[in-house]
Amino acid sequence: MKLYTVPLAPNPMRVTLYVAEREALGCEFDIERITVNTLKGRQREPEHLARNSWGTLPVLELNSGQFITESLAIIHYLENAISGPSLLPDQAEERALARNLERIIEMRIALDMGQYVHCQKSPLGHAPDLPRAQELAQRIQLGLDYVETLLGDGRQFVEGPNPGVSDCTLAAFLQFMRFTETDLIGEREALCGWDQMYRERDAVKSLFML
């Protein structure tokens, strides 16, 4: 398999974090990682568009020659395709709740955070739109409050005692936020503690650029 990716970008980053978390558990991934330089527009070139007509990253090329082009779909494929300890719970109810939580973080924080960064200080050079950035920053607050409440019960990770896909998603998009040199976390003590703890863990600390 081949994973087409790019540093810093949040959706590739959550897949990278997911792989690192499972490797730390002892899983072996036979995946060639290929960087597509988005700063030079390589994602818009015919070679990449043949993999993904949307021109986005990450893309997982399977041994069959098929492509998976959405980060969460890549993670779910790898959950099933790679043997060994999983990040998703085994029991149906717990697994559904974990997926529900990841979805909440994506819908209430991640999607707006991605737009916020490009409106505030786009790594792709998009023109700033500070009024829109302020609007998005305000909308994100409810999602951050939700995570702060979850972490307030003393759990170590977003989903409980062990790292999960939700942690990968949240950490990836908070790194993207830091590119803007702004802080939307504020005085949320539990979330600040989680953010620092997660990034300093041996399994993932080398992956964070900011």
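The values are calculated or read from the model by the stated rules, or taken from the named source; none is laboratory data. None of these values were measured; they are calculated from a predicted model. Positions of Cβ are backbone-derived with ideal geometry, glycine not excepted, and every protein chain shown enters the neighbour counts.
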**Message:** Which pairs turn up if I take residues in the stretch 177-190 that are assigned by TED's automatic domain parsing to the domain that holds Ile109 and look for partners that are surrounded by 12 or more Cβ atoms within 10 Å (Cβ to Cβ) and polar (S, T, N, Q) with beta carbon separation below 7 Å, at least 6 apart in sequence or on another chain?
**Reply:** Thr180/Gln120; Thr182/Gln120
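Could you pull out the residue among Arg139, Arg132, Arg108 that is surrounded by fewer than 20 Cβ atoms within 10 Å (Cβ to Cβ), under 16 Å from the mean Cα position of the chain (by Cα) and at pLDDT 95 or above? I'd like the intermediate steps shown before the answer.
Numbers: Arg139 fails: under 16 Å from the mean Cα position of the chain (by Cα); Arg132 fails: under 16 Å from the mean Cα position of the chain (by Cα).
Of the residues listed, the single one that is surrounded by fewer than 20 Cβ atoms within 10 Å (Cβ to Cβ), under 16 Å from the mean Cα position of the chain (by Cα) and at pLDDT 95 or above is Arg108.
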**Request:** Please list, ordered by first then second residue, the pairs with beta carbon atoms under 7 Å, 6 or more apart or interchain, first in the stretch 10-34 and farther than 15 Å from Leu72 by Cα, second of a type in the set (S, T, N, Q) and part of a strand (DSSP E or B).
**Result:** Arg33/Thr5
**Request:** Six or more apart or on different chains, Cβ under 8 Å: which pairs go from a residue in the stretch 109-123 that's closer than 10 Å to Ala137 by Cα to one that's among the basic types (Lys, Arg) and not in a loop (DSSP other than H, G, I, E, B)? Could you list them?
**Result:** Asp112/Arg139; Gln115/Arg132
**Message:** List the residue pairs whose Cβ atoms are under 7 Å apart, where the first residue sits in the stretch 50-79 and is assigned by TED's automatic domain parsing to the domain that holds Arg22 and within 17 Å of Ala172 (Cα to Cα), the second is among the β-branched types (Val, Ile, Thr) and part of a loop (DSSP other than H, G, I, E, B), and the two are 6 or more positions apart or on different chains.
**Reply:** Thr56/Thr69; Leu57/Val6; Leu57/Val36; Val59/Thr69
**Message:** For the stretch 42-61, give me each residue that is of a type outside the set (S, T, N, Q) and outside any loop (DSSP other than H, G, I, E, B).
**Reply:** Arg42, Arg44, Pro46, Glu47, His48, Leu49, Val59, Leu60, Glu61
**Asked** Can you name the number of the only condition in (1) farther than 21 Å from Glu106 by Cβ; (2) among the hydroxyl-bearing types (Ser, Thr, Tyr); (3) crowded, with 18+ Cβ neighbours inside 10 Å that Ser64 fails?
**Response** (3)
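So, in the stretch 4-14, of the ones that are hydrophobic (A, V, I, L, M, F, W, C) and surrounded by fewer than 22 Cβ atoms within 10 Å (Cβ to Cβ), which residue ends up nearest to Val204 (Cα to Cα)? Walk me through it before giving the result.
Going residue by residue through the stretch 4-14, those that are hydrophobic (A, V, I, L, M, F, W, C) are 6, 8-9, 13.
Applying the additional criterion that residues be surrounded by fewer than 22 Cβ atoms within 10 Å (Cβ to Cβ) yields 6, 8.
Values: Val6: 16, Leu8: 14 Å.
Here the answer is Leu8.
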**Message:** For the stretch 89-103, give me each residue that is crowded, with 16+ Cβ neighbours inside 10 Å and either modelled with pLDDT of 95 or more or touching a Ser or Thr at 6+ places or on another chain (Cβ under 8 Å) (or both).
**Reply:** Ala98, Arg99, Leu101, Glu102
**Asked** Any residue in the stretch 90-104 that is in contact with a helix residue (DSSP H, G or I) (Cβ under 8 Å, 6 or more places away or on another chain), closer than 25 Å to Phe157 by Cβ and not assigned by TED's automatic domain parsing to the domain that holds Gly125?
**Response** no
